[in-house]
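The values are calculated or read from the model by the stated rules, or taken from the named source; none is laboratory data. Remember, it's a predicted structure, so these values are computed and weren't measured experimentally. Glycine also receives a Cβ, built like all others from the backbone with ideal geometry; neighbour counts cover every protein chain displayed. The accessibility values were calculated without ligands, DNA or RNA, using every heavy atom of the protein model including side chains. Shrake-Rupley method; radii C 1.70, N 1.55, O 1.52, S 1.80 Å.
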Amino acid sequence: MDKFTYQNPTRIHFGEGQIAAIANDIPQDKKVLVIYGGGSIKKNGVYDQVKAALSEHNWGEFAGVEPNPQYDTLMKAVEKIKAEGFDYLLAVGGGSVIDGTKFIAAAAAYQGEDPWNILAQQHPVESALPLACVLTLPATGSESNMGSVVSRGKDKLAFMTPKVQPLFAVLDPTTTLSLSPRQVANGVVDAYVHVMEQYLTFPANAKVQDRFAEGLLLNLIEEGPKALATPDDIDVRANIMWTATQALNGLIGVGVPQDWTTHMIGHELTGNYGIDHARTLSIVLPAVMKERREDKEGKLLQYAERVFGITEGTNDERIDQAIAQTIAFFKQMEVPTSLSDVELGNADIDTLVASLEKHGMKALGERGNITINDSRAILEAAL
């Protein structure tokens, strides 16, 4: 295990009714901009709870952040902030709304000519507006980390800075009861692959991180299908919500190698073809497991034994079974597991490879040894 420094400053309010905690956690002298997506929060009661919590605050709202937050939309929020003097942001929604709000927070304080350079050229974020969030779709872990992914046309890029780490996050499982089965499935799969990106690399003698990761995977395998079969079970929703947060709050990734190949390739599927983020991950991860089985052999065997109880057979047979079980779980969650499932084929691979090359994704993986040609092989394995 490598040396590390770990801190997670995000304050978590978990449980039913915790939206009311906003009233005390946002200073009274702040002018708050509430940022949300398509308006579902006005149908499920979340908006009314936020409104009640902010009854003693000066606040306004900005709606319309997309499932893959678009730069042009986010810049309209920046314009509103500058024109009306907002100095505190409250994201209400899923990971896309939170990611978008993080970019807004950074862009509103950006001193350069084009805030897109925060993403395109990785310009450092010197300052940002304070922000917090109310999570309504557990998936990305964005509610308690410093990462953000934003799209501009077909470019889907990320930036990370502690300047946009949420000061607090409200996690009320009851807010997830109105999600569609597709949203629930996407959230479970997104969280699962987040864990796998930090776990399925090579052994680093990091027993705490490994055991935590395996526990999170087991939670998702157990609770994910229940969320589809018994959608009103609040205990299931609570466990999924807390698992998704733990999957990417930094804890299981400290001191260990990380991959993120699946995400980088997945971003190109979303950017070029508009496929849901989680569904790109369920397509790409099994192909990564197949193509990189030699590099990942030690952890694949550990994953097979500890997550699926596979102990019989040769190494190759156990790895094959682990990959098959992963695909079976994704199918149980009703997400695609191949490019053909989303009507893409050989002709689309050139487009995806060209996008990877354009975005500099030429040395991916935990060892930095996944070349453009390797990514092509992964995509071919995903057919």
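In the chain, carbon and sulfur make up what percent of the accessible area (probe 1.4 Å)? Let's see the in-between values first.
Working: 7550 of 15840 Å².
Accessible surface attributable to carbon and sulfur in the chain totals 48 percent.
Report D for region 11-175 in µm² per second (integer): Stokes-Einstein, Kirkwood Rh on Cα pairs, 10 °C, 1.306 mPa s.
Estimated via Stokes-Einstein, D reaches 103 µm²/s.
Give me Rg over Rh for region 181-382, both radii from the alpha carbons and Rh done the Kirkwood way, two decimal places.
With Rh from the inverse mean 1/r over Cα pairs, Rg/Rh is 0.95.
Run through every distinct alpha carbon pair of region 263-383 and return the Kirkwood hydrodynamic radius in angstroms, one decimal place.
Working: mean 1/r = 0.0675 Å⁻¹.
In region 263-383 this quantity evaluates to 14.8 Å.
With every protein chain left in place, what is the accessible area per residue of region 181-382 in square angstrom, probe 1.4 Å?
Details: 7900 Å² over 202 residues.
I get 39 Å² per residue for region 181-382.
Could you pull out the pairs from K290/K358; K82/K362; K51/K82; K43/K76; K31/K154 whose alpha carbons sit more than 30 Å apart here?
From the list (K290/K358; K82/K362; K51/K82; K43/K76; K31/K154), the Cα-Cα distance tops 30 Å for K82/K362; K31/K154.
Residues with beta-carbon under 11 Å from that of D316, excluding D316: net charge, scoring Lys, Arg +1 and Asp, Glu -1?
-2
Take the cross-link list K80/K163; K163/K296; K156/K207; K42/K163 and give me the ones stretching past 28 Å between alpha-carbons.
K163/K296; K156/K207; K42/K163
Under 10 Å, Cα contacts only: if you run a Gaussian network model on the chain, which one of S96, S151, S55 comes out with the highest mean-square fluctuation?
The residue that fluctuates most here is S55.
Run the quick spin-label model on T314 and I327: label points 7 Å from Cα toward the beta carbon, then report their separation in nm to one decimal.
Output for this residue pair reads 1.9 nm.
When Lys and Arg each count +1 and Asp and Glu each count -1, what net charge do the other residues less than 10 Å away from V342, Cβ to Cβ, add up to?
In short, -3.
Cα convex hull of region 173-301: how many Å³ per residue?
On the way: hull volume 13.9 nm³, N = 129.
So the per-residue hull volume is 108 Å³.
If you take every residue apart from K163 with its C-beta less than 15 Å away from the C-beta of K163, what net charge results, scoring Lys and Arg +1 and Asp and Glu -1?
So the environment of K163 carries a net charge of -2.
Using just the helices of the chain, give the 222 nm mean residue ellipticity in deg cm²/dmol: DSSP H runs with n ≥ 4 each add -39,500 (n - 2.57), and the total is spread over all residues, rounded to 500.
So the helix-based figure for the chain works out to -15000 deg cm²/dmol.
May I ask what percent, to the nearest 5, of DSSP beta bridges between residues of region 11-175 are antiparallel?
20
Which three lengths, in whole Å and largest first, does region 281-344 cover when its Cα atoms are put on their principal axes?
Rounded to whole Å, the extents work out to 35, 23, 15 Å.
Return the Cα extents of the chain along principal axes one, two and three, sorted largest first, each rounded to a whole Å.
Sorted largest first, the three principal extents are 65, 46, 44 Å.
Could you pull out the GluC sites (Glu not before Pro) across region 278-383 that fall in loop regions by DSSP (anything but H, G, I, E, B) with no more than 12 other Cβ atoms inside 10 Å?
Sparse-neighbourhood loop GluC sites (Glu not before Pro): E294, E312, E343.
When every alpha-carbon pair in region 159-230 is counted, what percent end up more than 17 Å apart?
Numbers: 1515 of 2556 pairs.
So the pairs more than 17 Å apart make up 59 percent of the total in region 159-230.
Of all the stretches in the chain, which is the longest one without any exposed loop site, taking trypsin sites (Lys or Arg not before Pro) in a DSSP loop (any state but H, G, I, E, B) with at most 12 other Cβ atoms within 10 Å?
44-383
When only alpha-carbon atoms are used, what values of Rg and Dmax, in angstrom, describe region 1-59?
15.4, 48
Tell me, rounded to the nearest percent, the portion of alpha carbon pairs in region 108-237 spaced more than 25 Å apart.
Distances greater than 25 Å cover 41 percent of the Cα pairs.
Sorted from largest to smallest, which semi-axis lengths in Å does the alpha carbon gyration tensor of region 319-360 give for its equivalent ellipsoid, taking the root of 5 times each eigenvalue?
26, 13, 9
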